[in-house]
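K.L.:
Encoded as structure tokens, here's the structure I'll be asking about.
What follows draws every value from the coordinates through simple rules; no lab data is involved. Remember, predicted model here, so these are calculated numbers, not experimental data. FYI the Cβ positions are ideal-geometry reconstructions off the backbone, even for glycines, and counts take in every protein chain you see.
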Amino acid sequence: MMKQEVGKAAADLVKSNSIVGLGTGSTTAYAIEYIGKRLQSGNLKNIVGIPTSFQAEVLSKQYGIPLTTLDAINHIDIAIDGADEVDMQKNLIKGGGAAHTREKVVDYLANQFIVVVDAGKLVTKLGSVFAVPVEVIPMALTPVINSIKQLGGKPELRMGLRKAGPVVTDQGNLVIDAKFNDIPNPANLEKVLNNIPGVLENGIFVNCADIILIGEVQDGKSIVREM
Ligand SMILES: O=C(CO)[C@H](O)[C@H](O)COP(=O)(O)O
């Protein structure tokens with residue numbers, strides 16, 4: 001319910017005649033659905049979406065949102081995306097859906113990046129609950145795991161929930177979930193991880209989010225507040 005409310009609130013921020021980054025995950029799925037509904041009702045006109053994943057592409061087509069690619073545009077007006085952790089500085093950990101590489105490209109390009117979460121995603125220290133997803137090319141798996149251990153992280157190859165074997169990203173790569181007990185400087189860890197040969201991208205997003213829309217229950221009612 002909270003995810004639905006927050007997704008709808010984000011969809012309401014999209015203006016006609018705009019290029020919209022469409023994120024991945026169960027919360028953003030509601031935003032995509034409501035953007036589609038607004039288009040259908042005529043309340044929103046002439047928008048084009050940039051999907052951040054196969055999931056976002058399929059959902060957008062299902063809800064009638066016209067799509068384009070980054071080759072065909074020169075800016076993104078607004079992006080809406082979920083997150084796995086959000087700290088008080090609006091730093092994020094993303095990649096619970098293994099889509100953080102494309103999400104990072106789209107979300108950083110957007111003039112306005114709206115994050116949609118429920119209150120359970122808020123943390124005082126980034127990395128206190130969630131591991132940092134690291135997308136790695138398959139041949140580099142073992143050396144990247146060793147490098148993450150040397151950095152003090154606990155790396156685990158992400159396995160499929162129903163699929164036998166590892167999760168494979170939309171780019172055909174693997175995901176290592178790297179748990180760090182303490183991330184004193186998220187911007188630094190983001191750079192250090194991306195410097196390991198064979199790493200494509202990691203899920204730390206620093207200085208990227210503009211508005212965090214938070215769904216929570218107050219006095220038994222679902223509300224959406226802004227940070
Ligand atoms: O980063 C993501 C996908 O890579 C998602 O946005 C993140 O995992 C949050 O998903 P949900 O809204 O389902 O909790």
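K.L.:
Using a basic spin-label model with each label point 7 Å from the Cα along Cα→Cβ, how many nm lie between N17 and S128?
P.N.:
4.5 nm
K.L.:
Using the alpha-carbon atoms, what tilt in degrees (0 to 90, nearest 10) does helix 100-109 show relative to the longest principal axis of the chain?
P.N.:
That helix lies at roughly 50 degrees to the long axis.
K.L.:
Also, I was wondering about something else. Starting from the amide H of A79, placed 1.01 Å from N in the peptide plane, find each other amide H under 5 Å away whose residue is 5 or more places distant or on another chain.
P.N.:
Correct list: G21, Q112, F113, I114.
K.L.:
Tally Lys and Arg at +1 and Asp and Glu at -1 over the other residues with C-beta under 14 Å from the C-beta of N46: what net charge comes out?
P.N.:
Spelling it out: positives minus negatives among the neighbours equals +2.
K.L.:
Further question: What ranking do 20-26, 125-131 get when scored by the average of other Cβ atoms within 10 Å per residue, highest first?
P.N.:
In decreasing order of mean packing, 20-26, 125-131 become 20-26, 125-131.
K.L.:
While we're on this one: Could you give the length gained by full extension between S41 and S222, i.e. 0.36 nm per residue of separation minus their alpha carbon distance, to one decimal place?
P.N.:
Extending this stretch completely gives an extra 62.7 nm.
K.L.:
Please work out how much length the chain gains when fully extended from A187 to V58, using 0.36 nm per residue of separation minus the C-alpha to C-alpha distance, in nm with one decimal.
P.N.:
Taking 0.36 nm per residue and subtracting the Cα distance, the gain is 43.2 nm.
K.L.:
So, R0 is 30 Å and r is the distance between the beta-carbons of N111 and N146; what FRET efficiency does that work out to, to 0.05?
P.N.:
Calculated transfer efficiency: 0.15.
K.L.:
OK, next. Mind ordering 29-37, 207-215, 147-155 by average Cβ neighbours within 10 Å, highest first?
P.N.:
Per-residue mean Cβ counts within 10 Å order the peptides as 29-37, 207-215, 147-155.
K.L.:
For helix 141-150, what angle does its Cα long axis make with the longest principal axis of the chain, in degrees from 0 to 90 and rounded to 10?
P.N.:
It works out to around 80 degrees.
K.L.:
Suppose the chain between A119 and K179 were pulled fully straight at 0.36 nm per residue; how much longer would it get relative to their current alpha carbon spacing?
P.N.:
19.5 nm
K.L.:
Residue-wise, which Karplus ³J(HN,Hα) couplings in Hz belong to segment 197-209, taking 6.51 cos²θ - 1.76 cosθ + 1.60, θ = phi - 60°, and x for glycine or proline?
P.N.:
x, x, 7, 8, 6, 10, x, 8, 10, 10, 6, 10, 6
K.L.:
Check which residues have an amide H placed less than 5 Å from G49's amide H, if you skip close sequence neighbours.
P.N.:
Those qualifying (amide H under 5 Å, at least 5 residues apart or on another chain) are V20, L67, T68.
K.L.:
Still on this structure, I have one more. I'd like the Karplus ³J(HN,Hα) series for segment 36-44: coefficients 6.51, -1.76, 1.60, θ = phi - 60°, whole numbers in Hz, and an x wherever there's a Gly or Pro.
P.N.:
After applying 6.51 cos²θ - 1.76 cosθ + 1.60, I find x, 5, 5, 5, 4, 7, x, 6, 9 Hz.
K.L.:
While we're here: Of the beta bridges DSSP finds with both residues in the chain, what % are antiparallel, to the nearest 5?
P.N.:
Rounded to the nearest five, the antiparallel share is 55 percent.
K.L.:
Apply the Karplus curve 6.51 cos²θ - 1.76 cosθ + 1.60, θ = phi - 60°, to the phi angles in segment 46-63 and return the couplings in whole Hz, x for Gly and Pro.
P.N.:
These are the phi-based 3J(HN,Hα) values: 6, 10, 9, x, 10, x, 9, 6, 4, 4, 5, 5, 4, 5, 4, 5, 4, 9 Hz.
K.L.:
Could I ask something else about it? If you consider only alpha-carbon coordinates, what radius of gyration and Dmax does the chain have, in Å?
P.N.:
17.4, 55
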